[in-house]
Amino acid sequence: MIGRLNHVAIVVADIQQAAGVYRDILGADVGKPVDLPEHGVTTVFVTLDNTKIELLQPLGEASPVARFLARNPGGGMHHLCYEVSDILAARDRLVARGVRVLGDGEPKAGAHGKPVLFLHPKDFCGTLIELEQV
Ligand code: CO
């Protein structure tokens, strides 16, 4: 059911500094910071040949990644994003197998404007999973 690894997301305290690490030390293709107030994050995408890295910095008081950063002040890996061709069919298949979908269970527009859902880390080996319809 899942296709390509779309991105690996890393929560950071200072997105400019993190972007500099990827650009200047690792020599990667690093995009510009984009604020997504409806998601409570500022994002920078790093484009690799085979996938992307999504750097996330909390934006605003109610940011969903603020608590993660409080527990991991040096930053850390936050989620993996897998591509699916039909997100509603994927959700229904997973729910039928007992998987917990976060939030109200309805897809939201993600960082690329495409529908996304998040799945409970306890159902996936301790890793938060994002599904993105491509
Ligand atoms: Co993501």
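The values are calculated or read from the model by the stated rules, or taken from the named source; none is laboratory data. Nothing here was measured: the structure is a model prediction, and the numbers come from that model. So basically every Cβ, Gly included, is an ideal-geometry build from the backbone, and we count neighbours across all protein chains shown. The accessibility values were calculated without ligands, DNA or RNA, using every heavy atom of the protein model including side chains. Shrake-Rupley method; radii C 1.70, N 1.55, O 1.52, S 1.80 Å.
Say whether the condition of being modelled with pLDDT under 95 and in a strand (DSSP E or B) is met by at least one residue in the range 96-119. Scanning the range 96-119, I find at least one residue that is modelled with pLDDT under 95 and in a strand (DSSP E or B), so the answer is yes.
Here is the figure for the range 63-113: residues that are open to solvent by 50 Å² or more (accessible area, probe 1.4 Å) and polar (S, T, N, Q) total 2.
With respect to Thr127, determine if the residue is surrounded by fewer than 17 Cβ atoms within 10 Å (Cβ to Cβ), closer than 14 Å to Ala9 by Cα, in contact with a strand residue (DSSP E or B) (Cβ under 9 Å, 6 or more places away or on another chain) and not acidic (Asp, Glu). Yes; evaluated as a whole, the condition is true for this residue. No other residue among Asp123, Asp104 is of a type outside the set (A, V, I, L, M), more than 30 Å from Val30 (Cβ to Cβ) and free of Cβ contacts under 8 Å to residues at least 12 places away in the same chain apart from Asp104. Has the range 86-105 got at least one residue that is within 11 Å of the chain's Cα centre (by Cα) and among the hydrophobic types (A, V, I, L, M, F, W, C)? No, the range 86-105 has no match at all.
Filtering Gln17, Gln57 for residues that are at pLDDT 95 or above and away from the ligand (no atom under 14 Å from the Cβ) leaves a single hit, Gln17. Under the condition of being out of contact with any Lys or Arg (no Cβ under 9 Å at 6 or more places or on another chain) and in a strand (DSSP E or B), the residues counted in the range 20-51 number 7. Listed by first and then second residue, the pairs with beta-carbon distance under 8 Å, at least 6 apart or on different chains, first residue in the range 64-91 and charged (D, E, K, R), second more than 16 Å from the ligand (Cβ to nearest atom), are Arg91/Gly105. Return a yes/no flag: does the range 24-33 have any residue that is closer than 25 Å to Cys125 by Cα and at pLDDT 95 or above. No, there is no match, as no residue in the range 24-33 is closer than 25 Å to Cys125 by Cα and at pLDDT 95 or above.
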